[in-house]
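The values are calculated or read from the model by the stated rules, or taken from the named source; none is laboratory data. What you see is a predicted model, and the numbers here were worked out from it, not measured in a lab. Positions of Cβ are generated from backbone atoms using ideal geometry, with glycine treated the same way; all protein chains shown enter the neighbour counts.
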Amino acid sequence: MKWLALLALGFAFSGCALVYEGRYDYDAGWRRATVLSVGLARQIERSAAFDCRGSFGVTDETSFAFVRYNHMPYTLQRAIVPVPQDWQLSVGDGVYINIRDCNEPMVHVTDPT
């Protein structure tokens with residue numbers, strides 16, 4: 001058990017930050033997410049820990065994605081984020097979202113690992 005504590009302490013002091021694809025920093029609010037559904041704001045009848053529908057300029061044509069992401073190790077959260085215009089999303093697609101800023105557009109995951 002001592003080795004586990006030492007390993008955890010080593011990670012804590014290593015200064016390593018999780019950065020997706022070399023530019024989407026976890027500490028800046030970026031999370032890798034999986035699309036669960038896509039629809040207009042009024043069509044998504046679920047609630048989420050992070051919901052951009054209230055803080056984003058919503059029109060009748062604004063599409064949103066209901067996504068699942070890991071907030072901390074082993075903690076699944078849900079978010080509702082705007083879909084950029086002219087995007088085609090499908091259930092199961094991987095995207096990056098920013099859970100601190102609704103104005104940061106989601107990004108397609110290009111590195112499947």
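Brief remarks follow.
- Residue in segment 36-59 that is modelled with pLDDT of 95 or more and within 16 Å of Tyr20 (Cβ to Cβ) present: no
- Here segment 65-104 is the region considered, the condition is being charged (D, E, K, R) and over 17 Å from Ser55 (Cα atoms), and the residue that is surrounded by the most Cβ atoms within 10 Å (Cβ to Cβ) is Asp93.
- Pair list, Cβ under 6 Å, 6 or more apart: segment 83-110 residue more than 17 Å from Ile44 (Cβ to Cβ) and modelled with pLDDT of 90 or more, other residue charged (D, E, K, R) and part of a loop (DSSP other than H, G, I, E, B): Asn98/Glu104
Okay, residues lined up against (1) basic (Lys, Arg); (2) assigned to a loop (DSSP other than H, G, I, E, B); (3) touching a Cys at 6+ places or on another chain (Cβ under 6 Å):
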| residue | (1), (2), (3) |
| --- | --- |
| Arg68 | yes, no, no |
| Arg78 | yes, no, no |
| Val81 | no, no, yes |
| Pro84 | no, yes, no |
| Gln88 | no, yes, no |
| Val91 | no, yes, no |
| Ile97 | no, no, no |
| Arg100 | yes, yes, no |
| Asn103 | no, yes, no |
